[in-house]
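Contents: one structure, followed by commentary.
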There are 4 protein chains.
Amino acid sequence: MRKGVMRPGHVQLRVLDLEEAVVHYRDRLGLIEVQRDDQGRVYLKGWTEIDAWSVVLRPADEAGMDFMGFKVLDEATLEARKQDLIDYGCEVETIPAGELDGCGERIRFQVPTGHFLELFAEKEQTGKWGVHENNPEAWPEDLKGMKATRFDHALLYGDDLDGTVDLMTNVLGFQLSEQVIDRDNDDFRLAAFLTVSTKAHDVAFIRHPEKGKLHHTSYYLDTWNDVLRAADLIAMHDIPLDIGPTRHGLTHGQTIYFFDPSGNRTEVFAGGDYTYPDHPVTTWDADKLGKAIFYHDRELNENFLSVVS
Amino acid sequence: MRKGVMRPGHVQLRVLDLEEAVVHYRDRLGLIEVQRDDQGRVYLKGWTEIDAWSVVLRPADEAGMDFMGFKVLDEATLEARKQDLIDYGCEVETIPAGELDGCGERIRFQVPTGHFLELFAEKEQTGKWGVHENNPEAWPEDLKGMKATRFDHALLYGDDLDGTVDLMTNVLGFQLSEQVIDRDNDDFRLAAFLTVSTKAHDVAFIRHPEKGKLHHTSYYLDTWNDVLRAADLIAMHDIPLDIGPTRHGLTHGQTIYFFDPSGNRTEVFAGGDYTYPDHPVTTWDADKLGKAIFYHDRELNENFLSVVS
Amino acid sequence: MRKGVMRPGHVQLRVLDLEEAVVHYRDRLGLIEVQRDDQGRVYLKGWTEIDAWSVVLRPADEAGMDFMGFKVLDEATLEARKQDLIDYGCEVETIPAGELDGCGERIRFQVPTGHFLELFAEKEQTGKWGVHENNPEAWPEDLKGMKATRFDHALLYGDDLDGTVDLMTNVLGFQLSEQVIDRDNDDFRLAAFLTVSTKAHDVAFIRHPEKGKLHHTSYYLDTWNDVLRAADLIAMHDIPLDIGPTRHGLTHGQTIYFFDPSGNRTEVFAGGDYTYPDHPVTTWDADKLGKAIFYHDRELNENFLSVVS
Amino acid sequence: MRKGVMRPGHVQLRVLDLEEAVVHYRDRLGLIEVQRDDQGRVYLKGWTEIDAWSVVLRPADEAGMDFMGFKVLDEATLEARKQDLIDYGCEVETIPAGELDGCGERIRFQVPTGHFLELFAEKEQTGKWGVHENNPEAWPEDLKGMKATRFDHALLYGDDLDGTVDLMTNVLGFQLSEQVIDRDNDDFRLAAFLTVSTKAHDVAFIRHPEKGKLHHTSYYLDTWNDVLRAADLIAMHDIPLDIGPTRHGLTHGQTIYFFDPSGNRTEVFAGGDYTYPDHPVTTWDADKLGKAIFYHDRELNENFLSVVS
């Protein structure tokens, strides 16, 4: 958190059929539906999140991610980072407070891979869902489906990977925690995992010919048993499975990938390595890409590099 | 246990390279190497097994299963079942005590699917490995690899499935616990899971054009976390993975399949349903075969029906 | 199952306040409330049980167990065991079919420790709760509380332990799987764990000066994670905890003990050793009783030997 | 990490018998013994730690903690915090580089509760133990005992709790994540949990009449199954158990407490809540202290407030 960026704060996803999407994110993932706005957007959160919401579903004609937002420490940090982005050469758009219900002013910019990211300093805090702030119980009893605890990160696909890494690390203070490098090709970087915390990634990017694509949004589960439970629910509700349960080589998280009804890929995962600012970058070699992505299979499935939204 | 058959007692596997096989079953699966005999066979067991050994590896030019043996209650039961088999029309071979070190007389016969099965009443009992019989600790500290607890069952492929089911249930007292039936084809049975205990299966058969084939031998793990550990070891040691970690629909066991260096498939699994003699047969429909076998993927992988040894 | 006794089939518990008891067994343990009868009794079951019900709550002025019933293979077995009991010198009472809704004729007798046990051959079978018999899903989504899967066993306290063990083993075909013996006192037996399956116990007895006491009824959970979940629910709902989460030395089950609102002790547990008819008895020494009961603490808590109902 | 303090970097413990202590921390906890120095001190680390070591055992006549050290971002941060401490009124001692093998200059100071804490910026980095930095496997196979992954935090007892909290938060940038408050006594604070990361605590303090006492050092495990494994090892090796397996109310970590042979308390735990700088303090009320500490029992054991080293 060298530059005051704290964590992934929200993501806005485009969905083709809103009610089907709500079933997916609320009843299957187990996110809490918090509110809807006059644009018809649905706001949800994981039960452990203190902020009022983190996932926004917007009805649209095409699936994908509108933007991902990061919460910063305070208004002063927001102003400073805005100026840094402008100085870096970014076009910066200011979204007024309230455009998303309960969220303060947002600074939106496009990174070289084509994705729209945002910074914001204020969002209504409603506390963890279902437990008291005072003498809190361990968990609430009324969770649904996979009982996802929080929006954790997103994996984004785009072309100018090096440009985005430069912006994220030098302007916003992200740390490169893990990467995939092609040592036979001048250390060409294929993937970059970036963090502002001790988590292995708060956002990740993979090189891809098209700009601005979403590979998946990811939600945290407590245990490998919960990953099994998620897999069972995927089978019971006939949800399209991508791969899993399995483990990633990168970050070593325990994971399963599946698709929402609009074709946006969803991940739930548990575990995963930790990192600190003084830790060296963990590097996977391009010729080990299969194992880096799917540790047990040691080869990519046909979807991983091609199916995005 | 209507007819005194207690449990799977042993399996003899053919392996192409003995020392590579020992690494697989001892160091990766974590079976205990107990002894070797003057034929060059290696005897192993899971640490919870009371009998002296359960898995025998025999060097051979072709992979596969020589025979699977079931332990019966006592000598009287052995004699009675021998006569029943003869009366049923089986050719019965008597293997003298000591042909396998520490094992009493064995009655060998071929079932209609072409597999050689055995019954025996006596085997040296050496107790659980690594814990005392008196005031036993929960588990021994020096286990290796996947820490497989016991040889649990085998899945066998062959042609005359109905013939084998008839023999196993009517002559040997097995119970049909689960099956796959093609309802569009005169209830043609594709798979039969058989038990003499409350386990979902002590042996299983799948219909297949060739006689006498082995799909896999299976070993029990305590938890789904142990299945993950097994998957990690498979990756670390670059063992050929078939599929998993996943869950079966049939029995609902939590499982992973992989191959020994000779091409014999190995399963380790945890969980699984229980059954009793008064329970109805659990039936899966042929058009749900994918989900019956691989509950999460809901489709067979290309190996499942074709790769056997 | 040498004599056709299959499994614990039911237990009838006396409770002081019926609705409080229903909250405990249905909403906290997660048993399914199946029906109530015209005597005001409530019938429940664990979701994996095929029979219509297994736990009966009867409003009464004093807590405790009315009787525990075991299901036998068929009517012929029931008749044979009835005669065996009479020949052994037991007074046998025949309870007509329908006295418990959906249950066939029951044979009731008192064992030397003072407990009333029953045998029965018929009970309505309604299948697992919440999943289809055909192509069954792994588990139902609508389970409550601890999601107990089945009534598993009971631990009973009484004086003439040897008398009860003799009856259970010689007349009813139970196997002594584990015991506690005082080697300094002529191998005086303090505890006996008895099974008719491969489970470490289907019923257990501990020597105690009073006749006919209940130590606890026990319900099976799938995993150690479920034991934690149970412990959390105990804390959240302020249920009186006896001890746990911990492990037993005897059977090595992973366990937690707590009390229903009437003072009947309840156990939920996972894991546990398996046994077969040819396995030697596992013996714990009396001077290791603490570790035998509570493996981690290695000493009894003050309740274990004194608080019964 | 508002002021550049990154994480707990080391703790030096006094032990009465060095070799017994090494058995405890290396063979039971599963820390890696890294080296010994010419003062007879033993250096150990958890396998996931990048720095060369984190736990130092020093032979002494009395058990307890000599000091706990925190790693800061860089030398400039070290100098700045040193000056801040001096400005705050602390007496600051500079320990030259190399006094602990491989560690740079350390700044030592005493907090108002009487404990000696240190800051340092440099320590030799040897990487995770047993896995490569490049294409790292998920875990190393040769871990011992409880397989503790890292030194995680310490709980310290002392008198001037408010003084220490003021220093830790205002001078060193720690965040108060959780606390216990006596609302009937002018919000008198009994316990303070402090973090410089998203972990629920990097160090914690409880009010106690004596200065400078150690309640426990704590080491991270991956799962609740690993807590069970730790409990089993405690039983197998007859290690004095304090309490557990259980869960804390504060932080909700899953835990077990036991003692090293010198009487220093050790904790291993899994799970635990996360926090961010904008999160409100989680407060437990003094009249819920039992549940705050031991969530399942909801009462303190007799050792918790009295046994320290």
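A few notes on this one:
- Residues of region D:105-114 that are within 16 Å of D:Gly89 (Cβ to Cβ), not aliphatic (A, V, I, L, M) and not in a strand (DSSP E or B): D:Pro112, D:Thr113, D:Gly114.
- In region A:95-123, the residues that are under 25 Å from A:His24 (Cβ atoms) and in contact (Cβ under 8 Å) with a residue 12 or more places away in the chain: A:Leu100, A:Asp101, A:Gly102, A:Cys103, A:His115, A:Phe116, A:Leu117, A:Glu118, A:Lys123
- Of all residues in region A:120-129 being among the hydrophobic types (A, V, I, L, M, F, W, C) and crowded, with 20+ Cβ neighbours inside 10 Å, the one that is farthest from the other protein chains (Cβ to nearest Cβ): A:Phe120
- Scanning region D:130-155 for residues that are touching a helix residue (DSSP H, G or I) at 6+ places or on another chain (Cβ under 8 Å) and either surrounded by fewer than 19 Cβ atoms within 10 Å (Cβ to Cβ) or not aromatic (Phe, Trp, Tyr) (or both) turns up D:Asn135, D:Glu137, D:Ala138, D:Glu141, D:Lys144, D:Gly145, D:Met146, D:Lys147.
- Hits in region B:121-161 - residues which are farther than 23 Å from D:Arg229 by Cβ, in contact with a Leu (Cβ under 7 Å, 6 or more places away or on another chain) and part of a loop (DSSP other than H, G, I, E, B): B:Ala121
- Scan of region A:251-309 for residues that are in contact (Cβ under 8 Å) with a residue 24 or more places away in the chain and of a type in the set (A, V, I, L, M), ordered by number: A:Ile256, A:Val268, A:Ala270, A:Val281, A:Ala286, A:Leu289, A:Ala292, A:Ile293, A:Leu305, A:Val307, A:Val308
- Search result, residues across region A:271-294 that are more than 8 Å from chain D (Cβ to nearest Cβ), closer than 21 Å to B:Asp238 by Cα and not β-branched (Val, Ile, Thr): A:Ala286, A:Asp287, A:Leu289, A:Gly290, A:Phe294
- Search result, residues across region B:250-309 that are open to solvent by 20 Å² or more (accessible area, probe 1.4 Å), more than 30 Å from C:Lys71 (Cα to Cα) and β-branched (Val, Ile, Thr): B:Val307, B:Val308
- Evaluated against (1) within 29 Å of B:Gly173 (Cβ to Cβ); (2) surrounded by 23 or more Cβ atoms within 10 Å (Cβ to Cβ); (3) more than 14 Å from every other protein chain (Cβ to nearest Cβ), C:Ala80 falls short on exactly one condition, (2).
- Within region D:22-43, restricting attention to residues that are open to solvent by less than 10 Å² (accessible area, probe 1.4 Å), over 17 Å from the mean Cα position of the chain (by Cα) and of a type in the set (A, V, I, L, M), the residue that is nearest to D:Phe269 (Cα to Cα) is D:Val22.
- Yes/no for B:Ile234 being within 14 Å of chain A (Cβ to nearest Cβ), surrounded by fewer than 23 Cβ atoms within 10 Å (Cβ to Cβ) and more than 14 Å from the chain's Cα centre (by Cα): no
- Candidates B:Leu85, B:Leu117, B:Leu100: the one that is part of a strand (DSSP E or B), crowded, with 19+ Cβ neighbours inside 10 Å and either at pLDDT 95 or above or among the polar types (S, T, N, Q) (or both) is B:Leu117.
- As a summary of the residue check, D:Ile243 satisfies the conditions (1) out of contact with any His (no Cβ under 6 Å at 6 or more places or on another chain); (2) part of a strand (DSSP E or B); (3) facing chain C (nearest Cβ under 10 Å); (4) open to solvent by less than 10 Å² (accessible area, probe 1.4 Å) except for the one numbered (4).
- Single residue of region D:218-227 satisfying the filter (free of Cβ contacts under 8 Å to residues at least 60 places away in the same chain and open to solvent by less than 10 Å² (accessible area, probe 1.4 Å)) that is nearest to the other protein chains (Cβ to nearest Cβ): D:Trp224
- Here region D:44-77 is the region considered, the condition is being of a type in the set (Gly, Ala, Ser) and over 14 Å from the mean Cα position of the chain (by Cα), and the residue that is most open to solvent (accessible area, probe 1.4 Å) is D:Ala76.
- Verdict on B:Ile181 being under 25 Å from B:Lys288 (Cβ atoms) and either not in a strand (DSSP E or B) or not assigned by the TED database to the domain that holds B:Gly64 (or both): yes
- Whichever residue in region A:174-217 is under 24 Å from A:Val5 (Cβ atoms) and free of Cβ contacts under 8 Å to residues at least 40 places away in the same chain and, among such residues, is most open to solvent (accessible area, probe 1.4 Å): A:Arg189
- When B:Thr48, B:Thr77, B:Thr94 are checked against the criterion of being assigned to a strand (DSSP E or B), of a type in the set (Ser, Thr, Tyr) and on the phi < 0 side of the Ramachandran plot, a single residue qualifies: B:Thr94.
- Residue count, region D:2-23 (criterion: in a strand (DSSP E or B) and either more than 11 Å from D:Ala60 (Cα to Cα) or among the aliphatic types (A, V, I, L, M) (or both)): 10
- D:Thr251 outside the structural domain of D:Phe109 (by the TED database), among the hydroxyl-bearing types (Ser, Thr, Tyr), at negative phi and not in a helix (DSSP H, G or I): no
The values are calculated or read from the model by the stated rules, or taken from the named source; none is laboratory data. Computed from a prediction, not measured in an experiment: that's the story for all the values here. Cβ: placed from backbone, ideal geometry, glycine included. Neighbour counts: every protein chain shown. Quick note on the areas: whole protein, heavy atoms, side chains included, nothing else; ligands and nucleic acids left out. Shrake-Rupley method; radii C 1.70, N 1.55, O 1.52, S 1.80 Å.
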